[in-house]
2 protein chains.
Amino acid sequence: MALASVIGIGSTRYGILPSSFIELIIEAATEALVDAGLGPDDIDAFYLGNFAGDAFIGQNHLASYAASALGLQGVPSTRVEGACASGSLAIREAIFAIKSGLYKRVLVVGAEKMSSLPTAGVTGVLAQASHFELEVKAGLTFPAVFALVAQRHMHRYGTTREQLAAVAVKNHDHALLNPKAHMQKKIKLEDVCSCTTMVAEPLNRFDCSLISDGASAMVLCAPELVEDYRSDVIDIIGSGQASGQFEIFLNEELTSFPATRLAAERAYQMAKIEPNAIDFAEVHDCFTIAEIVATEDLGFFKPGEGGIAALEDHTRIGGRLPINPSGGLKAKGHPVGSTGVGQGVEVITQLRGQAGNRQIKNAKIGLTHNLGGSGGTCTVHIYQRR
Amino acid sequence: MALASVIGIGSTRYGILPSSFIELIIEAATEALVDAGLGPDDIDAFYLGNFAGDAFIGQNHLASYAASALGLQGVPSTRVEGACASGSLAIREAIFAIKSGLYKRVLVVGAEKMSSLPTAGVTGVLAQASHFELEVKAGLTFPAVFALVAQRHMHRYGTTREQLAAVAVKNHDHALLNPKAHMQKKIKLEDVCSCTTMVAEPLNRFDCSLISDGASAMVLCAPELVEDYRSDVIDIIGSGQASGQFEIFLNEELTSFPATRLAAERAYQMAKIEPNAIDFAEVHDCFTIAEIVATEDLGFFKPGEGGIAALEDHTRIGGRLPINPSGGLKAKGHPVGSTGVGQGVEVITQLRGQAGNRQIKNAKIGLTHNLGGSGGTCTVHIYQRR
């Protein structure tokens, strides 16, 4: 039996948008409700995934704030936070609420309005997702964390500058097929490799995901009720979450995130499948190296072979195992609290066969991987077309 | 069948404490784990209720941060936020996780470190729980919101200055019996009534709850497993949550919080009991008027009779229906994210017969009521001695 089934999805475009935080939420949620054929009165519970609305927009108590704007009076409304994994944690709480038998139809929204602050301010807010006293004050913001990961991966496995670049080039190409993606710009491998705008060596500006505004939404229901609502049913068949070391320096090795491995193991076990059953995945490519590490940790490629797979185009749409058909955090954009829900929306869109020019053929099972902080929070969800 | 059972509780003292945020969490969680006879390895999932750690201590991604410090590596760890109701929302998510059948033993911690900021800074952070653009910028911080409620309650029902004062006097008296309470000071009715240090008329400094540091914790387990762990079993038999209007000005009437009424209705229905089955309650007395309104909304007293009941000592320990035996937010203290869990810890302590000098005789069923913002989020939990 599935954990929950998806009856509606919606998403704003990701990008630097004129919409306010609440307008983003209303747009995504309304699209999902319309897609499900439901109104606010049909919703039993509401979960909002958001990382740092209080810092970005000066407003807190955000689930209630959004519920009021969405006309969800009376509906239990709860905000869930787990850094960049906030969105997928909200999905998990919705799953628990449904599987508990206490609720039938649950709305999940992930949202973040980041462009309200200048870039330096955004970096400061994001840095609060890692250990502020012990790491950030020593200069270890996230680009630096993932630069360490990249350096170590290159040293241990011989991962190359070209392999990192291949991830960026592919995800930009995918985003060009996604009208809701933030970045709409083709880039060339040689331009990425020769870029001298270094962020944290070896990561240059092409290796980094984007600061974006956006919201994504889905409506989940109890699996046994789904056929009352729609015929093209997508089930969530696995959900794994794990905590890793909060401080990156406590990890024995930087070339793998133990919490990703554990979350994946749990999700695969729940779904009763192996990694080779996955047709495509949306993974947490906050930096190019993060996609390479994720595809290894998720069991798609052996350790050290993620970069090779990217450079050999196995992870492109049309390749053996398409990764981030949406464009990923790198090019679709990364409105932090929205990302985990947005990944789900892309997977569901693909499984329904509604992905247009970026449609993956015969996609039956898709996976999402969402990572918070320096691997402190990881989640894996597995979706299947019924 | 109960929703979940309680096998461990713990709490720091509430007050202006030297401990850091993480030290507070470690103290409360360790006490709860020891009480349950469990170690970190026995915990399947962890929920942290916290309102605004990022603003108060400059650190976010707080569930992972705490999990790492608690030795909960690998354990799914999720922060839940609902303003002043954050703690009780964390309890609810733990209930769902258990009732889903996916987890057996779940640790819940509520925590807030508020004294890291000066009072004006705290007021600014708290104000983000109400509508910042439309209300706070117009001067409507929480003391002002509850002053409006008090004014209207006095106008409509004839509630008096003395009745408000009686709540404060009683809760100070109760706190004197609670070694973990923030405020340890007897006050007199006439001093409260004649106080000229006005906060927002008619509320003076004695009508307001405290800015406190603190953490409280509980370990929940599946009801069918509880007897493996302990013989003095407390069950959670009802849990209700509701959203109200986020903006106070959208409410038709200020003398009642519709979300409290709805949450209570849901909890009573789930527990299959009426309000008169409740032996005592911990309610959200962020201001004296809030306790009066809560005792009416929860069905303990008729509208307009809550103040009379307080003045006639019906709500004292030893009275007909003791309210806030712990001292309440008013005198035990109000470390925002901790409060909802702390209310539960008090109720469980009473039901176990471990409340010492403040023990309520023959207590079998206790209720907690936790309110976030201007009534935007309300929860009610009902606990029963098995």
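Some observations on this one:
- Helices (runs of 4 or more DSSP H) contained entirely in the stretch B:267-386, each with at least 1 residues that are out of contact with any His (no Cβ under 8 Å at 6 or more places or on another chain): B:288-297, B:306-311, B:336-351
- Residue satisfying condition, being touching a residue at least 12 places away in the same chain (Cβ under 8 Å), surrounded by fewer than 24 Cβ atoms within 10 Å (Cβ to Cβ) and under 20 Å from the mean Cα position of the chain (by Cα), within set A:Glu265, A:Glu282: A:Glu265
- Of all the numbered requirements in (1) at the interface with chain A (Cβ under 10 Å from one of its Cβ atoms); (2) in contact with an Asp or Glu (Cβ under 9 Å, 6 or more places away or on another chain), B:Phe56 misses one, and that requirement is (1).
- The combined condition, being closer than 18 Å to B:Val122 by Cα, touching a helix residue (DSSP H, G or I) at 6+ places or on another chain (Cβ under 6 Å) and within 11 Å of chain A (Cβ to nearest Cβ), is not fulfilled by B:Gly71.
- When residues of the stretch A:194-229 are limited to those that are of a type in the set (A, V, I, L, M) and more than 24 Å from A:Leu140 (Cα to Cα), the one surrounded by the most Cβ atoms within 10 Å (Cβ to Cβ): A:Ala215
- Sole residue being part of a loop (DSSP other than H, G, I, E, B) and surrounded by fewer than 21 Cβ atoms within 10 Å (Cβ to Cβ), chosen from B:Asp232, B:Asp191: B:Asp232
- Here B:Asp285 meets the list (1) under 17 Å from B:Val169 (Cα atoms); (2) in contact with a strand residue (DSSP E or B) (Cβ under 7 Å, 6 or more places away or on another chain) almost entirely, failing just condition (2).
- All told, A:Ala259 meets the bar of being in a helix (DSSP H, G or I), within 11 Å of chain B (Cβ to nearest Cβ) and either of a type in the set (Phe, Trp, Tyr) or buried (at least 22 other Cβ atoms within 10 Å of the Cβ) (or both).
- Residues satisfying the stated conditions in the stretch B:1-41, i.e. in contact (Cβ under 8 Å) with a residue 60 or more places away in the chain, in a helix (DSSP H, G or I) and either under 26 Å from B:Ala331 (Cβ atoms) or of a type in the set (D, E, K, R) (or both): B:Phe21, B:Leu24, B:Ile25, B:Glu27, B:Ala28, B:Ala29, B:Glu31, B:Ala32, B:Asp35
- Taking the numbered list (1) closer than 30 Å to A:Ala111 by Cα; (2) surrounded by 24 or more Cβ atoms within 10 Å (Cβ to Cβ) in turn, A:Gly307 passes all entries but (1).
- Residue in the stretch B:322-341 that is within 14 Å of chain A (Cβ to nearest Cβ), over 20 Å from B:Ser209 (Cα atoms), touching a strand residue (DSSP E or B) at 6+ places or on another chain (Cβ under 6 Å) and touching a residue at least 40 places away in the same chain (Cβ under 8 Å) present: no
- Filtered residues of the stretch A:98-133 (kept if under 23 Å from A:Ile211 (Cβ atoms) and facing chain B (nearest Cβ under 10 Å)): A:Gly124, A:Val125, A:Leu126, A:Ala127, A:Gln128, A:Ala129, A:Ser130, A:His131, A:Phe132
- Residue within the stretch A:82-91 that is in contact (Cβ under 8 Å) with a residue 60 or more places away in the chain, β-branched (Val, Ile, Thr) and not in a helix (DSSP H, G or I) present: no
- Flag if A:Ala97 is under 22 Å from the mean Cα position of the chain (by Cα) and small (Gly, Ala, Ser): yes
Any read-out appearing in this document is the output of simple, stated calculations on the displayed coordinates, not a laboratory observation. Just so we're clear, the structure is a prediction, and the values are computed from it rather than from any experiment. With ideal geometry, Cβ positions are generated from the backbone for all residues, glycine too; neighbour counts draw on all protein chains shown.
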